[in-house]
Amino acid sequence: MAEATFRIWRGEKGSGGFRDYRTEVGPGMVVLDAIHEIQATQANDLAVRWNCKAGKCGSCSAEINGSPRLMCMTRLSTLPLDKPVTLEPMRTFPPVKDLVTDVSFNYRAKKKIKPFQPRKPDRPDGTWTIAQQDVERVQEFHKCIECFLCQDVCHVLREHHLYEQFIGPRLFVYTAALEMHPLDTADRVPELRGPDGIGFCNITKCCTKVCPEEIHITDNAIIPLKERVVDRFYDPVKRLFRVFSGSARR
Amino acid sequence: MAEYESYQHDVLVIGAGGAGLRAAIEASAAGVSVGVVSKSLLGKAHTVMAEGGIAAAMANVDDRDNWRVHFADTMRGSQYLSHPRMAQLHAQEAPARVRELEAWGALFDRTPDGRILQRNFGGHRYPRLAHVGDRTGLEMIRTLQDHGIHQGIEFYMEVTVLKLLKDGDRIAGAFGYDRERGRFRMFEAKAVVLATGGLGRAYQITSNSWEYTGDGMALAYEAGAALKDMEFVQFHPTGMIWPPSVRGILVTEAVRGEGGVLKNKDGRRFLFDDVPANYRDQTADNEEEGFRYTQGDKNAKRPPELLTRDHVARCIMREVREGRGSPHGGVFLDIAWIKNRVPGGGEHIKKKLPSMYHQFKQLADIDITEVPMEIGPTIHYAMGGVRVDPDTQMSDVPGLFAAGEVAAGLHGANRLGGNSLSDLLVFGKRAGEYAAAYAKEHNAATANKEEVEAAARHALEPFERAAGEGPYLVQRDLQQVMQNQVGIVRKQGDLQKALEALPALQARAGRVAVEGNREYNPGWHTSVDLGSLLTVSEAIMRCALERKESRGGHFREDYPAKDEEFGKVNLIVSKGADGEMHLSREPVPEMSAELKEIIKEMK
Ligand SMILES: Cc1cc2nc3c(=O)[nH]c(=O)nc-3n(C[C@H](O)[C@H](O)[C@H](O)COP(=O)(O)OP(=O)(O)OC[C@H]3O[C@@H](n4cnc5c(N)ncnc54)[C@H](O)[C@@H]3O)c2cc1C
Ligand code: SF4
Ligand code: SF4
Ligand code: FES
């Protein structure tokens, strides 16, 4: 069996450095397998998050050779193994230890978003009638596994650290799922423009490129949300119409 | 003296999967203060991995379905070892629990008339599983999480509970540590709900994550609660087997529900060769009829691929053993063949099974719309667990409740697919409701401080040992024993040997040393998890030795038939006053006259 070198970031609260580990590479192995092998035999205390090992839980996010990916879905056969494979934690979030970061920002930001508010049930038994084609648009957003790789790569957070003014692509996907939910009645457009900071996004599409669930974050979530903001706040005809009709919504 | 931070709640929920979240939401709605602790981050519990769907007799697809049929199916699947009252409540309440999810924002796949779509699954007579493609668990956990964070519940993420605390006989709280800093935490509570899931990590080849070390069962056992049905471990027939690094990862039963067929190396649908007598009337006579069933023909009967999991898993083992397996020691699961039979062909498959398509494409370089998958059995689910009251979910310890996979009773000798997610909702809600009521009726309890000190000392011991073996090797060796000697095919000699190997493993676990410090140290976490793994493994071994028959998930090569006497009892283990594990037999709870009538009618 061939061997490969893994250059892994080891450290606590930001101080630390890379250390090299060599391990055997078997058929079909993913990066997380190599980490587990190193953890079991050479570095018992190597900190890493994982759960499903099948790309379903979004726990094992890291930067592999500089690109944000899931360790459990990155096959070693897709990486050049003649050079060391570098493994770093997501750099946008405060480091905890080794490959583990403090992702609590994402949970706090989500809690500020207005929760789901359904319209009255359509049927006497408390259920709704919804067509398959109307759920599909939102089902795309519901595929999100909260790996936060899109947050990691977005320059508004990564370089400009606007954590207090910008909720980031994951939470635009979340907001889009609520806004486009066929049953939802709440209005989140003012917040999008205000505290959620959708205006900071300049549609670089970096988030879309890293999403392991292949959600079209920019095209299907962010751009339609931006359009709602524009329609509401900047379109003079619609604004006038709203004044006369007294409607507060869309 | 150990240092720790203290927190007070009326109800403490341990676990943030479907059962824990549903319990917390219910308890909070009753107006008590609720805390939830979990080993992982919110939204990452096992529930997120569930694929196929939630079983509930809503009759949206087939109007012949109702709770009575679901009840009868569950009892038949359990080989009549389920607690009948639990099976009844589950079947009656599941539809309302699913609709509730929709009211909280879940978006299920739809029927043509705009209602929740339901799909076929093994052992369910009619299409019954509400689903979202093959990522139902994600939809469920996210819906509960996103609803739950607005209910005033306090969440403690990445906190592992080490010990349940008591005040005399009753529960008083729990003691644990946070993974990030390694600091101790004490939670005082009037009532505690265990929702910690299963124990798949006791085995080598499993669909389960690192979290599944049987903590909840071990915690309850140590606190004096009885465990039940521990011999019944479910082997899911279809896990990935190649490449080696993906071995055990689940291939959802929905593949078969959508028309996937199992074949041996000669291309034979071997499941037609062996249909158990009690399912013969419900099983298709030929391949064509089976296919029609999967495509919604109400007059067709189920293909044998949708027989119960225990049976399908054993048939696969037989094919492999007798030399008719696939190159890597499994059999073939073929969904690609339906391409020429359904509108949309390959696209239809991708749409119905998107994550399976993705999983095989990425992890195995296989396009499931073109070629068959290679699959084999993988450890999947613990039917056994904490014995609870069917209505309230309270264990033998006053104030200690359990719901979800950690609890026993609903599934008996074998769980039907889809019956777990519904179990989490139905009994999670009940546990939350009754835990809140218990908390309201009782004064605050006082935790025993000596227990806290002892638990803290014990947890830190691995740091104090200068030299010693690391915990991962002990875990590996235990997994090997369980896989080889307490696995899918069991016999007296093997089980005996496994039991004899246990003291040495226990001694090694007591001597492990960990390097590094307390901050996010997986070596340490693994060393403390070993205790739970060993406890649940011992329970499985002892019960497996005792049950000298084959039934459901428990197959004894030396007693291959069912034994009527064993069909009347559940096996119970509990910790005796002498500190040893004690085993007893308990008659299966009597059915009410109404339920007996249903069983008779649907035989
Ligand atoms: C791949 C896969 C697919 C499946 N598909 C289906 C399906 O289609 N339909 C179906 O019905 N069932 C399915 N199942 C089974 C079902 O998903 C599980 O049985 C169910 O999700 C368990 O839920 P739970 O709430 O009991 O526990 P979990 O969701 O596992 O949650 C357990 C929680 O307890 C916490 N915990 C554990 N120990 C401790 C401790 N010591 N201290 C603190 N916290 C602790 C964990 O962190 C976690 O939050 C599937 C299972 C798998 C693995
Ligand atoms: S498109 Fe917007 S949200 Fe996405 S990475 Fe670029 S700036 Fe960030
Ligand atoms: S949107 Fe995609 S990249 Fe972002 S958190 Fe969700 S799954 Fe991850
Ligand atoms: S471990 Fe779950 S996504 Fe990688």
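Nearest 500 deg cm²/dmol is fine: what mean residue ellipticity at 222 nm does chain B get from its DSSP H runs of n ≥ 4 alone, each adding -39,500 (n - 2.57), divided by its residue count?
Result for chain B: -11500 deg cm²/dmol, rounded to the nearest 500.
Can you give the log10 of the normalised intensity I(q)/I(0) at q = 0.17, 0.19 Å⁻¹, computed with Debye over equal Cα scatterers of region B:389-548? Evaluating at q = 0.17, 0.19 Å⁻¹ gives log10 I(q)/I(0) of -1.15, -1.16. Less than 5 angstrom separates the built amide H of residue B:156 from those of B:36, B:37, B:38, all sequence-distant by 5 or more or on a different chain. Using r as the Cβ-Cβ distance of residue A:123 and residue B:151, and R0 as 35 Å, what FRET efficiency do you calculate, to the nearest 0.05? The computed FRET efficiency comes out at 0.85. With 0.36 nm allotted per residue and the present C-alpha distance subtracted, the residue B:594-residue B:515 stretch has 22.4 nm of extension available.
Report the FRET efficiency, 1/(1 + (r/R0)^6), for residue A:160 and residue B:183, where r is their Cβ-Cβ distance and R0 is 30 Å, rounded to 0.05.
Working from the Cβ atoms, E equals 0.35.
Nearest 10 degrees is fine. How inclined is helix B:522-546 to the longest principal axis of chain B, computing both from alpha carbons? That works out to roughly 60 degrees. For region B:562-603, the equivalent ellipsoid derived from the alpha-carbon gyration tensor has semi-axes of 32, 12, 6 Å in decreasing order.
Residues whose amide H lies under 5 Å from that of residue B:570, counting only those 5 or more places away or on a different chain, are B:586, B:588; hydrogens are built 1.01 Å from N in the peptide plane. Average 1/r across all pairs of distinct alpha carbons in chain B, invert it, and you get the Kirkwood radius: 24.2 Å. Quick one: longest stretch of chain A between exposed loop GluC sites (Glu not before Pro), exposed meaning at most 12 other C-beta atoms within 10 Å and loop per DSSP? Segment A:1-158 is the longest. In plain terms, the bigger the Kirkwood radius, the slower the diffusion; for region B:91-247, with that radius from Cα pairs, at 20 °C and 1.002 mPa s, Stokes-Einstein puts D at 111 µm²/s. Computed over the alpha carbons of region A:104-245, Rg followed by Dmax gives 16.0, 52 Å.
Near the amide H of residue A:10, within less than 5 Å, lie the amide hydrogens of A:17, A:18, A:19, all on another chain or at least 5 residues away, with H placed in the peptide plane. For a modelled paramagnetic label at residue B:298, 7 Å from Cα along Cα-to-Cβ, the residues of region B:66-109 in reach, with backbone nitrogen under 19 Å, are B:66-70.
If both residues of a DSSP beta bridge must be in chain B, then about 65% of such bridges are antiparallel.
Among the GluC sites (Glu not before Pro) in region B:302-406, those located in a DSSP loop and surrounded by at most 14 other Cβ atoms within 10 Å of their own Cβ are B:322, B:370.
Mean-square fluctuations from a GNM of chain A, with a 10 angstrom spring cutoff on Cα atoms, peak among A:107, A:174, A:163 at A:107. Can you give me the Rg/Rh ratio for the protein assembly as shown, using Cα atoms for both radii and the Kirkwood formula for Rh? Rg/Rh: 0.95. Modelled spin-label separation between residue A:133 and residue A:41, with each label point placed 7 Å from Cα along the Cα-to-Cβ direction: 5.7 nm. With the convex hull drawn over the C-alpha atoms of region B:328-450, the volume per residue is 201 Å³. Taking trypsin sites (Lys or Arg not before Pro) across region B:211-265, the ones in a DSSP loop with at most 14 further Cβ atoms lying within 10 angstrom of their Cβ are B:265.
Compared with the dominant Cα axis of chain B, that is its longest principal axis, helix B:84-103 is turned about 90°. A simple spin-label model places the labels of residue B:444 and residue B:66 5.1 nm from each other, with each point 7 Å out along Cα-to-Cβ. With neighbours defined as other Cβ atoms within 10 Å of a residue's Cβ, the residues B:473, B:571 order from fewest to most as B:473, B:571. On C-alpha positions alone, give me the angle between the axis of helix B:449-464 and the longest principal axis of chain B, in degrees, nearest 10. The two axes meet at around 70 degrees. Residues B:144, B:101, arranged from fewest to most other Cβ atoms within 10 angstrom of their Cβ, appear as B:101, B:144. Take the Cα of residue B:564, go 7 Å toward its beta carbon, and the backbone nitrogen atoms of region B:586-603 under 17 Å from that spot belong to B:588. Applying the criteria of a DSSP loop state and at most 11 other Cβ atoms within 10 Å to the GluC sites (Glu not before Pro) of region B:135-218 yields no site.
Diagonalising the gyration tensor over the Cα atoms of chain A and scaling each eigenvalue by 5 before taking the square root yields semi-axes of 41, 20, 15 Å, largest first.
Counting neighbouring Cβ atoms within 10 Å and putting the fewest first, the residues B:171, A:130, B:25 line up as A:130, B:25, B:171. Counting only Cα atoms, the size of region B:235-379 along its three principal axes is 40, 38, 25 Å, in decreasing order.
Modelled spin labels at residue B:1 and residue A:205, positioned 7 Å past Cα toward Cβ, are 6.3 nm from each other.
No value in this document is a laboratory result; all are computed from the given coordinates. Just so it is clear, the structure is predicted and the values come from calculations on it, not from any experiment. A quick note on method: Cβ atoms are made from the backbone with ideal geometry, for glycine too, and the neighbour counts reach across all protein chains shown.
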